[in-house]
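These notes are about the structure you will find just below.
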Amino acid sequence: MKQTLIALVEDKPGVLNRVASLFRRRNFNIESLAVGHSETPGISRMTIVTDEEELLRRNVVRENLFRLINVIEVDDVTDQPTVVRETALIKVRANATKRAEIMNIADIYRARIVDVATESLIVEITGDADKINSMTDLLKPFGIIETARTGALAMTRGTVTPRDPASYAKYAAGNGKRSH
Amino acid sequence: MAEMKTGAQIVIECLIKEGVEVVFGYPGGANLPIYDAMTFYPKIHHVLTRHEQGATHAADGYARVTGQVGVAMATSGPGATNMVTGIATAKMDSSPIVCITGQVGTGAIGGDAFQETDVTGVTLPVTKHNYLVTDVRDLAYTIKEAFYIARTGRPGPVLIDIPKDVQNAKCEFVYPEDPIDLPGYHPAARATVAQVARALALINAAKKPVILAGHGILLSGATGQVLEMAEKGSIPITTTLLGIGGIPAGHPLNMGMMGMHGEAAANQAIQEADLLLAFGMRFDDRVTGKLATYSPNSKKIHIDIDASELNKNVRVDVAINADLQVVLEQFNGDVEAADRTAWLNAIRDWQEDSSQRDIINSNDGIFRAAQAIFDVWKFTKDNNPVVVSDVGQHQMLEAQYFKHEKPHTLITSGGLGTMGFSLPAAIGARFGAPKGQEVWVIVGDGSIQMTITELMTAVQENSNINICIINNGYLGMVRQWQQLFYDERYAETPILSPDYVKLAEAYGVQGLRVTKREDTLAALSAAKAHNGPSLIEFVVEQHDMVYPMVPAGADLHQMIRRPTA
Ligand SMILES: Cc1ncc(C[n+]2csc(CCOP(=O)(O)OP(=O)(O)O)c2C)c(N)n1
Ligand SMILES: [Mg+2]
């Protein structure tokens with residue numbers, strides 16, 4: 001199983017660079033990295049998928065990430081019950097005669113057609129990586145023009161969180177010691 | 001309303017609050033306001049090094065002797081990039097320094113302005129943390145945070161880049177009195193009860209344990225606890241290069257240094273051990289040799305303040321992320337006295353074999369680097385001086401032959417192996433060491449020429465340091481590899497030196513030359529008696545080797561040994 005990490009980080013300039021630079025210089029491989037706001041203002045949430053599988057190596061990756069000053073919490077959720085979702089936009093070659101067939105495939109995967117042009121379609125699919133890969137395989141014969149994927153987002157099931165939001169809420173934007 | 005101060009004044013005010021008394025640096029366009037502000041604060045002594053690399057090494061040397069944060073300053077662009085080697089050196093050796101660089105104005109950043117370099121970008125991988133301060137109101141807090149991060153947890157270099165307009169801008173200066181509280185930085189890690197129990201069971205059951213003592217025993221202040229455990233359990237100790245001094249060299253349980261040029265007995269003990277206790281060390285490739293065959297039959301306990309070191313190079317059975325001193329306090333009460341005579345006797349036999357091969361015993365009339373260093377030790381030992389060594393054969397010989405009895409008496413660039421480190425670091429160490437404690441530099445003819453410009457800094461500061469140049473006419477350590485692994489093709493390792501005595505005189509440094517061993521004592525006495533910097537050139541045998549040696553990639557116990565005398 002590929003390693004999936006959830007990291008809560010301070011939302012400051014350069015933090016993404018620090019994380020990316022760490023993976024590069026330590027020779028860890030990032031499969032995907034998704035970053036955006038968390039439930040707390042001033043704190044961003046990253047989902048990082050690496051190609052490490054072995055537990056001790058995974059710990060080294062996690063601890064290195066945790067060592068960055070701006071990283072508040074890192075949770076390795078690889079072995080936890082987790083919802084993992086990724087969204088992909090796939091532009092497929094499709095003229096009028098192929099359209100129905102593609103829409104059929106999209107239906108099976110509960111994907112949506114979000115753009116229709118005379119010679120192409122854009123399919124939007126959300127799911128785990130396997131689901132997206134499997135639909136992609138089916139679409140290949142039609143001719144894939146381009147693909148854009150968000151990278152995985154992960155959240156553990158149940159009420160468990162990587163860290164109780166109350167414990168870092170005091171660091172949220174506006175509560176800090178900084179003047180602004 | 002609090003007093004309005006400029007950013008530059010705030011920088012100095014904050015340094016004073018941190019207890020800084022000496023700053024090593026170099027001025028330029030982008031840090032002019034800070035230098036100007038400094039003239040109003042006579043409490044802070046500024047040392048003008050002759051190169052910004054020297055400033056960082058000096059701050060590093062100061063930090064290693066005192067355990068306090070060393071401070072270096074430089075201007076933007078070339079000033080800041082000149083610091084990179086010194087910052088990387090401090091990073092590899094966990095030395096707490098704070099570097100303050102000037103930056104072009106915030107409005108000019110990103111536009112390739114004159115002397116603009118992305119310094120936070122350049123130094124990102126070699127600092128523990130760094131900052132670009134774009135608002136003067138953030139400055140005081142940032143400086144306090146930087147010092148806190150540099151000295152706590154696993155110490156390391158922190159850089160603060162301050163644009164010129166931020167140095168000039170004014171704001172109300174209120175020193176942040178609250179302790180630093182960062183969401184993502186909690187340096188006080190502790191062992192769990194279960195970990196302590198597992199480790200203790202392993203320790204008390206071991207027949208052939210070895211303690212591997214690294215720099216962490218000094219940084220954590222745990223030298224006493226390590227020794228207590230060793231004595232209680234009759235456990236032999238070997239140190240890394242940076243662990244030297246943490247355990248008295250003369251202590252019967254101290255086997256000396258491990259690793260590539262470590263003591264044969266220590267390496268042998270590691271390979272045969274049934275338990276390794278790795279304390280504040282990181283299993284660097286220079287101490288493990290080939291990983292696949294490293295200490296194959298031992299259980300391993302690793303304690304380090306930096307969790308990312310655990311299981312990084314060597315897989316261990318008990319990995320404890322904690323401050324060494326705190327954990328050992330937890331352990332020591334329960335470490336049982338054990339009879340490990342058989343194990344200690346085996347080690348004694350290996351040591352006996354080593355001493356028969358010792359180069360110091362050779363009586364062939366050749367003046368050797370090892371003898372010069374040995375003689376410096378004999379001459380200075382009652383003073384327990386600080387020795388700052390550089391990088392190369394002389395560094396390894398110093399580690400082998402200079403018997404350090406006290407913590408923080410060996411300052412050397414271990415992890416990065418930075419040639420040129422010693423002279424500037426010694427200038428910094430001189431400011432940190434007590435007046436009565438001597439500071440000696442052991443440096444090669446190659447290394448001294450990398451930063452020899454700092455001689456003038458030593459003169460300007462009337463630094464009481466004694467520089468021993470071990471002149472073997474070669475980049476000796478590289479020559480050694482060429483002799484062993486490249487069929488004696490000495491590509492670019494013969495190196496000429498200036499007339500060091502004349503050079504010393506030109507600088508206003510006392511200069512002496514020793515070409516025969518019997519003249520050593522007179523020169524050392526003259527250096528010691530001289531108030532201010534002295535330089536002694538020891539002209540030694542050119543083709544000596546440093547043994548034992550574990551060739552890169554070989555098993556740790558497969559050392560090339562010195563022939564028996
Ligand atoms: C800045 C830097 N450049 C190159 C090296 C590679 N290197 C390691 S030891 C050494 C030779 C050092 O020569 P010297 O100072 O004369 O010491 P010796 O080995 O002769 O005692 C060199 C070139 C280094 N460690 N650091
Ligand atoms: Mg040399």
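List every residue pair whose Cβ atoms lie under 7 Å apart, where the two residues are 6 or more positions apart in sequence or sit on different chains, the first residue falls within segment B:462-490 and is over 14 Å from B:LEU397 (Cα atoms), and the second residue, located anywhere, is among the charged types (D, E, K, R) and within 9 Å of ligand 2 (Cβ to nearest atom).
As it stands, the answer is B:GLY473/B:ASP445; B:TYR490/B:ARG479, since those pairs meet every condition given.
For (1) within 30 Å of B:ALA554 (Cβ to Cβ); (2) away from ligand 2 (no atom under 13 Å from the Cβ), each residue gets a yes or a no:
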site: B:GLU454; (1), (2): no, yes
site: B:ARG489; (1), (2): yes, yes
site: B:SER497; (1), (2): no, no
site: B:ALA506; (1), (2): no, yes
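If we keep just the residues of segment B:146-190 that are in a helix (DSSP H, G or I) and more than 25 Å from B:PRO33 (Cα to Cα), which is nearest to the other protein chains (Cβ to nearest Cβ)?
Filtering first and then ranking leaves B:ILE149.
Is it true that B:ALA565 is in contact with a Leu (Cβ under 8 Å, 6 or more places away or on another chain) and either modelled with pLDDT of 95 or more or more than 16 Å from ligand 1 (Cβ to nearest atom) (or both)?
Numbers: in contact with a Leu (Cβ under 8 Å, 6 or more places away or on another chain): no; either modelled with pLDDT of 95 or more or more than 16 Å from ligand 1 (Cβ to nearest atom) (or both): yes.
No.
State the number of residues belonging to segment B:379-415 that are among the polar types (S, T, N, Q), within 16 Å of ligand 1 (Cβ to nearest atom) and out of contact with any Asp or Glu (no Cβ under 9 Å at 6 or more places or on another chain).
Going through segment B:379-415 one residue at a time, the tally reaches 1.
Could we say that B:THR418 is more than 9 Å from ligand 1 (Cβ to nearest atom), touching a residue at least 12 places away in the same chain (Cβ under 8 Å) and β-branched (Val, Ile, Thr) here?
no
For segment B:515-544, give me the residue count where each residue is farther than 21 Å from B:ASP445 by Cβ and not assigned by TED's automatic domain parsing to the domain that holds B:TYR474. Break it down stepwise before answering.
Within segment B:515-544, the subset farther than 21 Å from B:ASP445 by Cβ is B:518, B:521-522, B:525, B:528-532.
In the following step, the residues that additionally are not assigned by TED's automatic domain parsing to the domain that holds B:TYR474 were identified as none.
Residues meeting the conditions: 0.
Would you kindly identify the strands (runs of 3 or more DSSP E) lying entirely within segment A:40-95 that contain at least 2 residues that are out of contact with any His (no Cβ under 9 Å at 6 or more places or on another chain), surrounded by fewer than 20 Cβ atoms within 10 Å (Cβ to Cβ) and of a type in the set (Lys, Arg)?
Of the strands (runs of 3 or more DSSP E) lying wholly inside segment A:40-95, those with at least 2 residues that are out of contact with any His (no Cβ under 9 Å at 6 or more places or on another chain), surrounded by fewer than 20 Cβ atoms within 10 Å (Cβ to Cβ) and of a type in the set (Lys, Arg) span A:82-93.
Here is a check on your reading of the model: is A:VAL123 crowded, with 18+ Cβ neighbours inside 10 Å, more than 14 Å from chain B (Cβ to nearest Cβ) and farther than 30 Å from B:ALA88 by Cα? Before you say what the answer is, go through the steps one by one.
Values: crowded, with 18+ Cβ neighbours inside 10 Å: yes; more than 14 Å from chain B (Cβ to nearest Cβ): yes; farther than 30 Å from B:ALA88 by Cα: yes.
It is true that A:VAL123 is crowded, with 18+ Cβ neighbours inside 10 Å, more than 14 Å from chain B (Cβ to nearest Cβ) and farther than 30 Å from B:ALA88 by Cα.
If a residue has to be out of contact with any His (no Cβ under 8 Å at 6 or more places or on another chain), outside any loop (DSSP other than H, G, I, E, B) and surrounded by fewer than 23 Cβ atoms within 10 Å (Cβ to Cβ) to count, how many in segment B:530-565 make the cut?
2
I'd like the residue in segment B:252-264 that is in contact with a helix residue (DSSP H, G or I) (Cβ under 7 Å, 6 or more places away or on another chain) and over 24 Å from B:TRP481 (Cβ atoms) and, out of all such residues, is surrounded by the most Cβ atoms within 10 Å (Cβ to Cβ). It would help to see each step written out before you state the result.
Quick first cut of segment B:252-264, residues in contact with a helix residue (DSSP H, G or I) (Cβ under 7 Å, 6 or more places away or on another chain) only: B:253, B:255-261, B:263-264.
Filter again for over 24 Å from B:TRP481 (Cβ atoms), leaving B:253, B:255.
Details: B:LEU253: 18, B:MET255: 28.
Checking each candidate, the answer is B:MET255.
Looking only at segment B:6-42, how many residues end up being over 26 Å from the mean Cα position of the chain (by Cα), farther than 17 Å from B:CYS99 by Cβ and assigned to a loop (DSSP other than H, G, I, E, B)?
Count: 4.
Which residues, taken from segment B:344-374, are within 16 Å of ligand 1 (Cβ to nearest atom) and either in a helix (DSSP H, G or I) or polar (S, T, N, Q) (or both)?
B:ILE359, B:ALA369, B:ALA370, B:GLN371, B:ALA372, B:ILE373, B:PHE374
Return the residues of segment B:185-199 that are over 17 Å from B:GLY333 (Cβ atoms) and touching a helix residue (DSSP H, G or I) at 6+ places or on another chain (Cβ under 8 Å); say none if nothing qualifies.
B:TYR185, B:ALA189
Quick check on this structure: which one of A:ALA100, A:ALA106, A:ALA166, A:ALA154 is surrounded by 14 or more Cβ atoms within 10 Å (Cβ to Cβ) and assigned to a helix (DSSP H, G or I)? Before the answer, list the steps.
Values: A:ALA100 fails: surrounded by 14 or more Cβ atoms within 10 Å (Cβ to Cβ); A:ALA166 fails: surrounded by 14 or more Cβ atoms within 10 Å (Cβ to Cβ); A:ALA154 fails: assigned to a helix (DSSP H, G or I).
Just one listed residue meets the conditions, A:ALA106.
Looking for whichever is within 10 Å of chain B (Cβ to nearest Cβ) and touching a helix residue (DSSP H, G or I) at 6+ places or on another chain (Cβ under 8 Å) here; the options are A:VAL92, A:VAL60, A:VAL84. Which one fits? Even if it seems obvious, please write down each step before you answer.
Values: A:VAL92 fails: within 10 Å of chain B (Cβ to nearest Cβ); A:VAL84 fails: within 10 Å of chain B (Cβ to nearest Cβ).
Sole residue among the options that is within 10 Å of chain B (Cβ to nearest Cβ) and touching a helix residue (DSSP H, G or I) at 6+ places or on another chain (Cβ under 8 Å): A:VAL60.
Under 8 Å between Cβ atoms, which residue pairs at least 6 apart in sequence (or on different chains) link something in segment A:141-169 that is more than 13 Å from chain B (Cβ to nearest Cβ) with a partner that is in a helix (DSSP H, G or I) and polar (S, T, N, Q)?
Within 8 Å, the pairs are A:ILE144/A:THR136; A:THR147/A:THR136.
Can you tell me which residue in segment B:399-416 is farthest from the other protein chains (Cβ to nearest Cβ), limited to those that are away from ligand 2 (no atom under 16 Å from the Cβ) and β-branched (Val, Ile, Thr)?
Applying the filter and picking the extreme gives B:THR409.
Please count how many residues of segment B:287-319 are under 24 Å from the mean Cα position of the chain (by Cα) and not in a loop (DSSP other than H, G, I, E, B).
The number of residues fulfilling the criteria is 8.
Condition first: part of a loop (DSSP other than H, G, I, E, B), at the interface with chain B (Cβ under 9 Å from one of its Cβ atoms) and at negative phi. Now tell me which residues in segment A:5-25 satisfy that.
Going residue by residue through segment A:5-25, those that are part of a loop (DSSP other than H, G, I, E, B) are A:11-14.
If we keep only those that are at the interface with chain B (Cβ under 9 Å from one of its Cβ atoms) too, we end up with A:13-14.
Result: A:PRO13, single match.
Every residue in segment B:377-398 that is away from ligand 2 (no atom under 16 Å from the Cβ) and not in a loop (DSSP other than H, G, I, E, B), please.
Those that are away from ligand 2 (no atom under 16 Å from the Cβ) and not in a loop (DSSP other than H, G, I, E, B): B:TRP377, B:LYS378, B:PHE379, B:THR380, B:LYS381, B:ASP382, B:ASN383, B:VAL386, B:VAL387, B:VAL388.
Answer yes if at least one residue in segment B:222-234 is touching a helix residue (DSSP H, G or I) at 6+ places or on another chain (Cβ under 6 Å), of a type in the set (Gly, Ala, Ser) and in the same structural domain as B:MET281 (by TED's automatic domain parsing), and no otherwise.
Yes.
Do we find that B:MET419 is farther than 25 Å from B:PRO248 by Cβ and either more than 16 Å from ligand 2 (Cβ to nearest atom) or not assigned by TED's automatic domain parsing to the domain that holds B:THR49 (or both) in this structure?
Yes.
Is segment B:502-513 home to any residue that is of a type in the set (Ser, Thr, Tyr) and either in contact (Cβ under 8 Å) with a residue 40 or more places away in the chain or not assigned by TED's automatic domain parsing to the domain that holds B:ILE373 (or both)?
Looking through segment B:502-513, at least one residue is of a type in the set (Ser, Thr, Tyr) and either in contact (Cβ under 8 Å) with a residue 40 or more places away in the chain or not assigned by TED's automatic domain parsing to the domain that holds B:ILE373 (or both).
The values are calculated or read from the model by the stated rules, or taken from the named source; none is laboratory data. Please read all numbers here as calculations on a predicted model, not as lab measurements. Cβ: placed from backbone, ideal geometry, glycine included. Neighbour counts: every protein chain shown.
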